[in-house]
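S.K.: I have a structure here, written as structure tokens, and I will follow up with some questions on it.
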Amino acid sequence: NPYAGLVSHLRASWLSGKTRPMEYRVAQLEALGRFLDDKKQEILEATELDMGKPSFEAFFSEILLCKNELNVTLNNLCHWMKDEHVDKNLVMQLDSAFIRKDPYGVVLIIAPWNYPIHLFLVPLIGAIAAGNCAIIKPSEISKNTERLVAETLSCYLDTDCFAVVTGGVPETTRLLENKFDYIFFTGSPPVGRIVMTAAAKHLTPVTLELGGKNPCYVSDTCDVTNVARRVAWGRFFNAGQTCIAPDYLLCTIEMQEKLMPALREAITEFFGPNPRESPDFGRIVSDKQFRRLRALLGSGRVALGGQTDEAERYIAPTVLADVQPSDPAMQEEIFGPILPIVVIANMDEAIDFINARPRPLALYAFSCDSKIVNQVLERTSSGGFCGNDTLMHVSLTSLPFGGIGNSGLGKYHGKFTFDTFTHHRGCLHRSMGLETLNTPRYPPYTQQKLGLLTTAFEVKRRGTCTLL
């Protein structure tokens, strides 16, 4: 296997204990901060070349949010790493019971192309903070960013403990043949199944950050202008190539009619009368993705947008009205600047529609009535939820980010990333003396010993508390 030597080298470094001291972890994390500062302009240029990503969007998503994750980690690492002492029973009051925060070992991080810096760097921050060695596999589809990461990251990180592997499907397949101690994958559900199958051969734990069709319910009681602006921003950010973008709207026929002019106004406000000329609207990452998206434009009727240019890989911000559940646009995650609207009769029908499908990575609900938003939250299941906005929940490092069911397995961001890459090791350190306390558990057994054991070990339920 072409990567066996690399994995063995990193494992030897990990076994040496090099990555365990806090000082080492802090030094490597600070080096990532220098990477973001020094290579800021190159990151903006590479993401612009790969998918026409506006510098504003690239700075916000690829640099600012990563710096936030980095600083939250550096601010709290000392506390996160500490042993966590736990409650003890009567027999063990003089002993030490605690949770040790151990690194897994050598981890693999496989990143996608749509946020090619953010989606390898945020997991890597947690992997380093937890004391692991890591191999990073950036996406070959965002080739300019892949080249930047491959050529420059090694100038900042310890090459005995961290490495970048490039290539496509054949290289990733061979890489996955090796035994890792943890695998963190971001991508599509079909590829997630391949990764999980490869991990199962070595009983390797995984985090899978997958996609899905994220529903967005718009009730009849809402501020239509605000809904249109927030939905248009979330759908067309990064030209719609965002795993948590609202994938389709659910609303009544009356709300659909109200939303159309409001969405048209929002799109014009954001991107001008011709979004193709706007410096603030991106492009599709590849010819393959462009052709796939263009084929979805036949669903329902094109109410807004619909213009395409294959040479530029441009698809205008598009809204499809009167889309049927059986239409092609409703059969797969869109992952582009196309927003279908599916008409439903009421909130109950919208909730049934959502619950009849695989659980999404994100779910959105808009209403001026907080009871309606809470109804959608309580009666559905999704990786994350955001009421009266889109995407913004992902900007909080205090919230876990991850999927459920078809949309993923595991969570990260902030301390959740540290915990993901940490083995929580249950530890008990007892005294060599006080043997009398152990006598009740030894044979020969008697009823008296059982009574003493019960008294010492039993956990009793507390009385219920009534609020007056």
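The values are calculated or read from the model by the stated rules, or taken from the named source; none is laboratory data. Fair warning: this is a prediction, and the values are worked out from it, not measured in the lab. Reconstructed Cβ throughout: ideal geometry from the backbone, glycine too, with neighbour counts over all protein chains shown. The area values use the complete protein model at the heavy-atom level, side chains included, leaving out ligands, DNA and RNA. Shrake-Rupley method; radii C 1.70, N 1.55, O 1.52, S 1.80 Å.
S.K.: Which percent of the accessible heavy-atom area of the chain goes to carbon and sulfur, probe 1.4 angstrom?
M.R.: Ligands and nucleic acids excluded, carbon and sulfur give 55 percent.
S.K.: Count the DSSP beta bridges whose two residues both fall in the chain, then state the antiparallel fraction as a percent rounded to the nearest 5.
M.R.: Given both bridge residues lie in the chain, the antiparallel proportion sits at roughly 35 percent.
S.K.: Then there is this: What spacing in nm lies between the two simple spin-label points modelled at Ser154 and Ile194, each 7 Å away from Cα in the Cβ direction?
M.R.: That separation, rounded to one decimal, is 2.6 nm.
S.K.: Now, a different point. About the Cα centre, and with charges only on the beta carbon of Lys, Arg (+1) and Asp, Glu (-1), how big is the dipole of the stretch 408-453? Nearest 20 debye, please.
M.R.: Computed about the Cα centre, the dipole is about 80 debye.
S.K.: When only Cα pairs under 8 Å and 6 or more residues apart are kept, what is the percent relative contact order across the chain?
M.R.: 18 percent
S.K.: For all pairs of alpha-carbon atoms in the stretch 215-406, what percent lies in each bin of width 5 Å, listed from the first bin to the last filled one?
M.R.: With 5 Å bins starting at 0, P(r) equals 1, 8, 17, 22, 22, 16, 9, 4, 1, 0.
S.K.: Assigning unit charges at the beta carbon (Lys, Arg +1; Asp, Glu -1) and nothing else, what dipole magnitude in debye, to the nearest 20, does the chain show about its Cα centre? All intermediate terms of the calculation are to be shown ahead of the outcome.
M.R.: Details: 47 positive and 51 negative charges, 343 e Å.
It comes to approximately 1640 debye.
S.K.: May I pose another question? Arrange the residues Trp14, Trp80 by how much accessible surface each exposes, largest first, with a 1.4 angstrom probe.
M.R.: In descending accessible area the options line up as Trp14, Trp80.
S.K.: Give me the dipole magnitude in Debye, nearest 20, for the stretch 215-406 about the Cα centre, with unit charges on the beta carbon: positive for Lys and Arg, negative for Asp and Glu.
M.R.: 460 debye
S.K.: Students often check this: by mean Cβ neighbours within 10 Å, which of 219-231, 160-172 ranks highest, and how do the rest follow?
M.R.: Per-residue mean Cβ counts within 10 Å order the peptides as 219-231, 160-172.
S.K.: Here's a follow-up. Pull up the cross-link candidates among the lysines for Lys288, meaning alpha carbon to alpha carbon under 22 Å and not fewer than 8 places away within one chain.
M.R.: Qualifying lysines at Cα under 22 Å: Lys53, Lys137, Lys143, Lys213.
S.K.: List the aspartates and glutamates whose alpha-carbon lies under 14 Å from that of Lys201, not counting same-chain residues fewer than 8 positions away?
M.R.: By straight Cα distance, Lys201 reaches Glu177, Asp181.
S.K.: Now, a different point. Over the stretch 2-117, one equal point on each Cα, no solvent: what is log10 I(q)/I(0) by the Debye formula at q = 0.10, 0.11, 0.16, 0.23 Å⁻¹?
M.R.: Computed log10 I(q)/I(0) values: -0.50, -0.58, -0.98, -1.25.
S.K.: So which lysines pass the test for Lys82, namely a Cα distance under 20 Å, with those fewer than 8 places away in the same chain ruled out?
M.R.: Answer for Lys82, where 20 Å is the Cα cut-off: Lys18, Lys101, Lys415, listed by chain and number.
S.K.: Pick out, from Asn114, Gly414, Thr268, the residue whose Cα sits farthest towards the positive end of the charge dipole of the chain, with +1 on the Cβ of Lys and Arg and -1 on the Cβ of Asp and Glu.
M.R.: Highest projection toward the positive end goes to Gly414.
S.K.: A further question on this structure: Arrange the peptides 451-460, 346-355, 63-72 so that the one whose residues have, on average, the most other Cβ atoms within 10 Å appears first. Walk me through the intermediate numbers first.
M.R.: Working: 451-460: 11.0, 346-355: 16.0, 63-72: 18.6.
In decreasing order of mean packing, 451-460, 346-355, 63-72 become 63-72, 346-355, 451-460.
S.K.: Got the relative contact order for the stretch 215-406 handy, in percent, Cα pairs under 8 Å and 6 or more residues apart? Please list the in-between numbers first.
M.R.: Numbers: 363 pairs, mean separation 52.7, N = 192.
The normalised contact order for the stretch 215-406 reaches 27 percent.
S.K.: Determine the order of Trp233, Trp113 by accessible area, beginning with the largest, at a probe radius of 1.4 Å.
M.R.: Highest to lowest solvent-accessible surface, that is Trp233, Trp113.
S.K.: Between Thr221 and Arg462, what is the label-point separation in nm under the 7 Å Cα-to-beta-carbon projection?
M.R.: Distance between the two pseudo-spin positions: 3.7 nm.
S.K.: Sticking with this structure for a sec: With both bridge residues required to lie in the stretch 215-406, what share of the DSSP beta bridges run antiparallel, to the nearest 5%? It would help to have the intermediate numbers written out before the result.
M.R.: Values: 5 of 21 bridges.
The antiparallel proportion sits near 25 percent.
S.K.: Please give the per residue accessible area of the chain, computed with a probe of 1.4 Å over protein heavy atoms only, in Å². Show your work: numbers first, answer last.
M.R.: Values: 21450 Å² over 468 residues.
For the chain, the per-residue accessible area is 46 Å².
S.K.: Rg to Rh for the chain: what is it, with Cα atoms only and Rh by Kirkwood?
M.R.: Taking Rg over the Kirkwood Rh, I get 1.05.
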